[in-house]
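Peer 1: Structure in structure tokens, see below.
The values are calculated or read from the model by the stated rules, or taken from the named source; none is laboratory data. Owing to the predicted nature of the structure, the values given are computational and were not obtained by experimental measurement. Neighbour counts are summed over all protein chains in view; Cβ atoms, including those assigned to glycine, are modelled from backbone coordinates with ideal geometry. Side chains are part of the model used for accessible areas, which takes the heavy atoms of the whole protein and leaves out ligands, DNA and RNA. Shrake-Rupley method; radii C 1.70, N 1.55, O 1.52, S 1.80 Å.
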Amino acid sequence: MKIKHAAAALALMAAAGATPALAQSAPDWSGFYVGVHGGFLDSHEDKNETLVFDRDFDGAFDDTVVLSGSGADAFSPGFCAGQSSNTTPAGVCDRDGSGVAGGARVGYDMQFGNWVVGAVAEIQGVDAEDSVTGFSTTPARYSFTRNLEHTAGLRLRAGYAMGPALFYGTGGVAYGKIENKFMTSNGANSFTVRTDEDDADGFQYGGGVEWRLAPNLTLVGEYLYTDLEAGDYVVRAGPGTAPATNPFILPPNTAGTDISRSNPDFKTHEFRLGMNVRF
């Protein structure tokens, strides 16, 4: 019996000694971290986007550009999401391609049991575009393109730790810098940029998993959806060398027509990989 009691006591002592060791082996997610990431993204196009027109300069963009004499819609050939190299819509609208992004982040987490909450701020360079083209009966094409150059985000993060992995969701505010471009095959009218706002504000959300590779090094896989509302970009089609019957300069407004896009949003789906150093 004494031998059995001694063996039991030794087993209890071994278990007691092993418990702290096991507890210490679980990763602690509390603290600051810095990291880098890179990935690819796809612009979420509005396939029903059109060009909109302001003939009376009231800022409403609710007018129709019509042909002289018949009064028919001068843009009856239609519109497409993407750029075009032709003057007719059939089969020539190229969908905007996928883009790439890469940047850096800094964050802080606090752990409560298995639950982890925190915040992260990041900035990244981006190469992605979103275009729309309108076709007139002249025939001619008119393409508006937004190029997203970089974004910044400030998000909250909440997750659950399981072994070496942290599964999390994230969401917050976002900012983007956009370059606007206009191209046309119309060589008769003059075209002047009237408003060009390159700032875009919005939100982003997503989720991912962070995997502990070493005590201070983690691998991150993440999906992020971003929705930015771009600023105004307005191009005025003026008289140029066009005749008085040109649709853009018909009375009562012979000064021209303001043109813009119907959809102000720039939306992206982003898939990225990254690494964090934790302190």
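Peer 1: What ranking, highest mean first, results for peptides 263-273, 70-80, 192-202 when packing means the other Cβ atoms within 10 Å averaged over each residue?
Peer 2: The peptides rank, most packed first, as 263-273, 70-80, 192-202.
Peer 1: Could you tell me what percent of the accessible area of the stretch 27-170 is made up of carbon and sulfur, with a 1.4 Å probe and every protein chain present? Before the final figure, lay out the partial values.
Peer 2: Details: 3810 of 6430 Å².
Roughly 59 percent of what the probe reaches on the stretch 27-170 is carbon or sulfur.
Peer 1: Separate question: Could you check how many percent of all C-alpha pairs in the stretch 158-252 are farther apart than 22 Å?
Peer 2: 59
Peer 1: Rounded to the nearest whole Å², what accessible area per residue is found for the chain with the 1.4 Å probe?
Peer 2: With all protein chains present, the chain gives 49 Å² per residue.
Peer 1: Compute the acute angle (0 to 90°) between the alpha-carbon long axis of helix 2-25 and the principal axis of greatest extent of the alpha-carbon atoms of the chain; round to the nearest 10°.
Peer 2: So the inclination is approximately 20 degrees.
Peer 1: Kirkwood-based Rg over Rh for the stretch 150-196 (C-alpha set), two decimals?
Peer 2: 1.41
Peer 1: Let me ask something else. Per residue, how big is the convex hull of the stretch 51-149 when only Cα atoms are used? Give it in Å³.
Peer 2: 180
Peer 1: While we're on this one: Note down the nm distance, to one decimal, between modelled labels 7 Å out along Cα→Cβ at residue 152 and at residue 106.
Peer 2: Computed distance between label sites residue 152 and residue 106 equals 1.2 nm.
Peer 1: Applying 1/(1 + (r/R0)^6) with R0 = 41 Å to the Cβ-Cβ distance of residue 254 and residue 42, what FRET efficiency is obtained, to the nearest 0.05?
Peer 2: The value I calculate is 0.40.
Peer 1: Among 36, 65, what's the order by accessible area (1.4 angstrom probe), most exposed first?
Peer 2: Heavy-atom accessible area, descending, gives 36, 65.
Peer 1: Share of Cα-Cα pairs in the stretch 199-273 beyond 14 Å, in percent?
Peer 2: Taking all Cα-Cα pairs of the stretch 199-273, the fraction more than 14 Å apart is 73 percent.
Peer 1: Roll a 1.4 Å probe over the protein heavy atoms and report the accessible area of residue 222 in Å², nearest 10.
Peer 2: About 10 Å², ignoring ligands and nucleic acids.
Peer 1: Can you report the principal axis dimensions of the stretch 59-214 using only the alpha carbons, biggest first, rounded to whole angstrom?
Peer 2: Dimensions of the stretch 59-214 along the principal axes of its Cα atoms: 76, 32, 23 Å.
Peer 1: While we're here: So how far apart, in nm, are the two label points at residue 213 and residue 160 if each is 7 Å from Cα heading toward Cβ?
Peer 2: Here the answer is 2.7 nm between the modelled labels.
Peer 1: Using 0.36 nm times the number of residues separating residue 232 and residue 98, minus their current alpha carbon distance, what extension gain do you get?
Peer 2: Net length gain for the segment: 45.9 nm.
Peer 1: Among [x] 17.6, 52; [y] 22.1, 71; [z] 28.5, 114, find the value of Rg and Dmax of the Cα atoms in Å that was calculated from the structure presented, and write down its label.
Peer 2: [z]
Peer 1: Let me ask another. Tell me, what is the percent relative contact order of the chain, built from C-alpha pairs under 8 Å that lie six or more residues apart?
Peer 2: 21
Peer 1: Label point 7 Å out from residue 177 along Cα-to-Cβ: which residues of the stretch 134-162 have amide N under 16 Å?
Peer 2: So the set is 147-153.
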